[in-house]
Amino acid sequence: MGSDFKAIPLIDISPLVEKIDDPAMAGDEGLLDVVRMLDDACREAGFFYVKGHGISEPLMTEVRDVTRKFFQLPREEKLKIKMTPQSGYRGYQRVGENVTKGKPDMHEAIDCYTPIEPGRYGDLAKPMEGSNLWPDYPSNFNALLENYISLLRDLSRKIMRGIALALGAPLDAFEGGVAGDAFWVLRLIGYPVSDDIPQEERTDIGCGAHTDYGLLTLVNQDDEICALEVRNQSGEWIYAKPVPGTFVCNIGDMLKVWSNGIYQPTLHRVVNNSPRYRVSVAFFYESNFDAAVEPVEFCREKTGGVAKYEKVVYGEHLVQKVLTNFVM
């Protein structure tokens, strides 16, 4: 969180999406303009909108629509894919079961993770082993979301290539042992109208103030409902107002460690004061599950020569959070 920003920057990343994988375009001025804007956004706000990302607005809308249809089902239907420790903490959670800093969040959600085969990471991933739980209805839910996840994985990889260049690193710095096999998380989230929650269970926060765990988050949020808030350096909460057809992006804890604090994640929260139910679909692009992330040498050199953060094994970080995030 680098400044007293009053608004979140909007970046047209189409030159990056079109050219970042072409070695002949390394010096392209349009691409380098996007890289400079990413650098400014990551230093100043830790948040930015992206347009020109190549994912169609109808698809973004359809993903929110099927999410809303699922949350409109009777509770007993939703509980058919209930999250449990036995499911690897995948599946549906009711309002108030997700906890941020000890307080229940006023949202319901489906959590999905990269499938983990038993034994793949030894004991490290044992609590999260398994496959995702997809509902039977809407009938296109599984196929639609699998395609959407594939597209967002590739988009995130391209944005991280731009962020690597913004830091002065090689284009592929976040590939290989850092994020060449990037773990991903998808949260499909519904924020009820507060009047629809029993008084004794109600709080005023849809999701408490937090930073994200990984490298990069892309949020596909409902149009016309202001609820996502981002805190600037002065402690003011700035709305991430919906901009149709864009993703709201923010950087996470692993990028802070890797960059030795050059880029800092920004506290954000959700407060749904709207009279309408709000849907948000958040995609988290992380490092490799077993990556040991630490301040990289050239970032240490830019920041006084000393590592400001200890080495973090991403999977340990995630499992610790998951095991304390839910009341079931």
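By how many degrees, between 0 and 90 and to the nearest 10, does the Cα long axis of helix 57-71 differ from the longest principal axis of the chain? The answer is roughly 30 degrees.
Per residue, the chain exposes an accessible area of 43 Å² to a 1.4 Å probe, with every protein chain left in place. Note on segment 247-328: percent of Cα-Cα distances in each 10 Å bin, starting at 0 and stopping at the bin with the largest distance, equals 15, 36, 31, 13, 4, 0.
The order of the peptides 174-183, 82-91, 104-113 by mean Cβ neighbours within 10 Å, most packed first, is 104-113, 174-183, 82-91. Calculated mean residue ellipticity, 222 nm, the chain: -8500 deg cm²/dmol, from DSSP H runs (n ≥ 4) at -39500 (n - 2.57) each, averaged per residue and rounded to 500.
Against the chain, whose longest principal axis is taken from its Cα atoms, helix 141-166 shows a tilt of about 30°. On the accessible surface of the chain, probed at 1.4 Å, how many percent belong to carbon and sulfur atoms? The nonpolar share, carbon plus sulfur, comes to 49 percent. I'd like the orientation of helix 314-324 relative to the chain: the angle between its Cα long axis and the longest Cα principal axis, in ° from 0 to 90, rounded to 10. Helix 314-324 sits roughly 30 degrees off the main axis of the chain.
Cross-link partners of LYS311 among lysines, defined as those whose alpha carbon lies under 26 angstrom from its own and excluding same-chain residues fewer than eight positions apart: LYS101, LYS126, LYS158, LYS256, LYS302, LYS321. Normalised by the number of residues in segment 53-323, the mean separation of alpha-carbon contacts (under 8 Å, six or more apart) gives a relative contact order of 20 percent. Basic side chains Lys and Arg get +1 at the Cβ, acidic Asp and Glu get -1 at the Cβ, and with that the dipole of the chain about its Cα centre reaches some 600 debye. Contact order, relative form, for segment 19-128: 13 percent (alpha carbon pairs under 8 Å, 6 or more residues apart, mean separation divided by residue count).
Out of every Cα-Cα pair in segment 53-323, what percent are more than 27 Å apart? Roughly 39 percent, rounded to a whole number.
The values are calculated or read from the model by the stated rules, or taken from the named source; none is laboratory data. All values reported here derive from a predicted model rather than from experimental measurement. Reconstructed Cβ throughout: ideal geometry from the backbone, glycine too, with neighbour counts over all protein chains shown. Just the protein is used for accessible areas: all its heavy atoms, side chains included, with ligands, DNA and RNA removed. Shrake-Rupley method; radii C 1.70, N 1.55, O 1.52, S 1.80 Å.
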